[in-house]
Amino acid sequence: MASNNSTNKKTNGNKLSKQLNAKFNKKFSWKSAVIYGFLFIFLLFIFAALSVPVDNSKMVSVSQIVSDIKAGKVKSITVTTDKFTATENNGLVISANRDPGTDVYTFFKNAGAPIPDTVKVNVVTDNSLANWLNFLGGVVPVVLLIGFLYFMFRQARGTQENIFSFGQSRAKLFNKDNPRTTFANVAGVDEAKQELTEIVDFLKNPGKYKSMGARTPKGVLMVGPAGTGKTLLARATAGEANVAFFSMAGSEFMEMLVGVGASRVRDLFNTAKKSQPAIIFIDEIDAIGRQRGAGLMGGHDEREQTLNQILVEMDGFNPNEQIVVMAATNRPDVLDPALVRPGRFDRRVTLDLPDVEGRKAILAIHAKGKPFTPEVDWDKVARRTVGFSGADLENMLNESAILAARLSKKAIDMMDLEEAATKVKLGPEKKQLQSEDDRKMTAYHEAGHALVMWELPHLEPVHRISIVRRGMALGHTMMEPIERTHETKTHLLEQIVAMLGGRAAEQIVFDEMTTGAGSDIEKATHVARAMVMKFGMSSLGPIDFEGDRQNIYEQSELSPEMAARVDEEVKKMTDKAYKQALSILTKLRGKLDLLAAELLKKETMDADEFVKLIGPKVTPAVAKA
């Protein structure tokens, strides 16, 4: 037993010693040691200078001291290397220069003034502090100068090395020996995975395709909104094929020096060729792949050189090279046509926001490792999160876990998931104090939205109403999310009416207008203008008035007369919608007061509470009957 204890102590001592050595090696550096050494010498020099006693004596000739000794005025004499210092009976201190090596007694005896026994003589030896100060004063400046020159030389050499390293690729290599990301880690993009399965097969079994005379696809462009998993899918493709994966963002090619981007492209492709089979992934390729010569200001020379080098490298593949270039963007419309032609990025994989089944699969992946109560209905959560990307869903589950931990719960429940989903979409709650008038206005505003949604037959049912402030909104009214592939003119017009329901409620109840409807008016105007200019849903006919503008600097193709007609159509739509909202809420004034009063009490109502208070929604079939 004692042997085991001694062994454990010895092992623990070795571990502690290794930890201390590791910390010392991590913290110690010669550069820091030199800097601290120079600082110590400099402080020592200052301390020595301040430690020298101040000489308050009055300089006189030697004959004056001789005369005072003869007159019996001198009480003591101090002899240093180069001075005689005499202290007189009245306290006056006088000094005179002395030749080195002169004996004090012999000197004054020869001068005719022997030193009497009553005068005390102090002789200070040569190892005084003043001598050390003189030595430091001569050595320290030389040492500091040498150290400064050495430091400048090291900095200049490092700068030179950095200049020559500008052209090296900054790509991150995710080696195939690391824990791999595979298609099993990706959900909600089944069609995209099916497209990329061929790329995986090309990389794993190149001989099968060479025997048929097929070549490996050079480039795959992944297009989709932010958060849909483009980067994750690229890594999963490399992991599934078990090949090296080089990842680099488009902005990392750009530098102040012209030609650096092109040099990094060459270095990246050369490095990948040494590690083939490999996948090169360029994220946000629109940063360097924008159409050349487009826009008022023209192209950026460095960006265009980088793009040209990518085009050259993709053309320069040999048939036997197993390298696939993958890229991601959410702006495919701005890419240069030479970049997306066949032979370069000739395959386009589109990633959309996941549908309800895709969201269920994504939730299942990210729910691993988190405790949930048995009452959690994942079908309901998936239906609740229409429009959420994979990143949004992952963030929602993380926020729900944080909320449950903050409330000291054992597991995550549906209330946590609902709050997390609202937080991801609208922002966190703000418990900011408001006056009763402000709360009342907000309650009637949100009640107006909800009742217009409830009355219009083609809109989705009300999902949640709240007068709790979130983000920039003083309150919110949410419709029950429903998957839609097409938007109809009727549905869009009813959306505009619902958006203006808050302003209509303010007008009816308070006979006043507030700034709280600013965001609603902006959204309603945007939808109406899109219906007129883009979707052809107005009396102006099926015409695209937006044109093919690449950026905001290009002038609109609309004539002033046609622009005026577009504005007139937009005004007609919004005016008609506002009048309809006023009519609905005037008819439902009793329900409006009832709902606003309930919101002032509860602040937040879900769908069941709303239906219990107001009644079930009128469906389109009932409306037609």
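Quick note: the coordinates plus some simple rules give every number you see, no bench work behind them. No experiment lies behind these values; they were computed from the predicted model shown. Note: ideal-geometry Cβ built from the backbone for every residue, glycine included; neighbour counts use all protein chains shown.
Around Phe281, which amide H atoms from residues at least 5 apart in sequence, or from another chain, sit under 5 Å from its own amide H, with H modelled in the peptide plane?
For Phe281, whose amide H was placed from the backbone, the distant partners under 5 Å are Phe246, Ser247, Met248, Met326.
Below 14 angstrom from the Cβ of Leu613, what's the summed charge of the other residues (Lys, Arg +1; Asp, Glu -1)? Let's see the in-between values first.
Numbers: positive: Arg464, Lys591, Lys601, Lys602, Lys612, Lys617; negative: Glu446, Asp593, Glu598, Asp606, Asp608, Glu609.
Its environment carries a net charge of 0.
What is the spin-label model distance, in nm, from Ser408 to Thr525 if the labels are put 7 Å beyond Cα along the C-beta direction?
Rounded to a tenth, the inter-label distance reads 5.1 nm.
Considering only Cα-Cα distances, which of the following residue pairs are longer than 30 Å: Lys425/Lys591; Lys230/Lys617; Lys431/Lys571?
Violating the 30 Å Cα-Cα cut-off are Lys230/Lys617; Lys431/Lys571.
Read phi for every residue in region 507-524 and hand back ³J(HN,Hα) as whole Hz from Karplus 6.51 cos²θ - 1.76 cosθ + 1.60, θ = phi - 60°, with x for Gly and Pro.
Result, ordered by residue: 5, 6, 7, 9, 6, 8, 10, 10, 6, x, 8, x, 5, 5, 5, 4, 5, 5 Hz.
Assuming 0.36 nm per residue, please report the length gained on full extension of the stretch Arg484 to Thr350 beyond their Cα-Cα distance. Please list the in-between numbers first.
Numbers: separation 134, 0.36 × 134 = 48.24 nm, distance 1.83 nm.
Full extension from Arg484 to Thr350 adds 46.4 nm.
With θ taken as phi - 60° and the coefficients 6.51, -1.76 and 1.60, list the Karplus ³J(HN,Hα) couplings across region 345-354 in order, rounded to whole Hz; mark glycine and proline as x.
8, 8, 10, 10, 10, 9, 10, 9, 5, x
Pull up all non-local amide H partners of Gly219: gap of 5 or more, or a different chain, and H-to-H distance under 5 Å with H placed in the peptide plane.
The list, which skips near neighbours in sequence, is Val325, Asp346, Arg347.
Normalised by the number of residues in region 58-126, what is the relative contact order in percent for Cα pairs under 8 Å and 6+ residues apart?
Relative contact order comes out at 38 percent.
What net charge do the residues around Ala192 carry, taking every other residue with its C-beta under 14 Å from that of Ala192, with Lys and Arg at +1 and Asp and Glu at -1?
Around Ala192, the surrounding residues sum to -2.
What ranking do Ile467, Ile365, Ile69, Ile323 get, fewest neighbouring Cβ atoms within 10 angstrom at the top?
Fewest to most other Cβ atoms nearby, the residues stand as Ile365, Ile69, Ile323, Ile467.
Can you run phi through the Karplus equation (6.51, -1.76, 1.60; θ = phi - 60°) for region 406-418 and list ³J(HN,Hα) in whole Hz, with x for Gly and Pro?
5, 8, 6, 8, 7, 8, 8, 10, 5, 5, 5, 5, 5
Among the listed pairs Lys380/Lys601; Lys218/Lys360; Lys380/Lys572, which are separated by more than 31 Å between their Cα atoms?
Lys218/Lys360; Lys380/Lys572
Counting other beta carbons within 10 Å of each residue's own, what order do Val79, Val200 fall into, fewest first?
Starting with the residue having the fewest Cβ neighbours, the order is Val79, Val200.
What FRET efficiency, computed as 1/(1 + (r/R0)^6) with R0 = 60 Å and r the Cβ-Cβ distance, is obtained for Ala184 and Leu145, rounded to the nearest 0.05?
Details: r = 65 Å, r/R0 = 1.08.
Taking R0 as 60 Å, the efficiency between Ala184 and Leu145 is 0.40.
Work out how much length Ile543 to Ala226 would gain on full extension: take 0.36 nm times their residue separation and subtract the Cα-Cα distance, in nm to one decimal.
111.1 nm
May I ask for the net charge around His491, where only other residues with Cβ less than 11 Å from the Cβ of His491 are counted and Lys, Arg are +1 while Asp, Glu are -1?
Summing Lys and Arg as +1 and Asp and Glu as -1 gives -1.
I need the calculated FRET efficiency for the pair Val104 and Phe40, taking r as the beta carbon distance and R₀ as 41 Å, to the nearest 0.05.
After rounding to 0.05, the efficiency reads 0.55.
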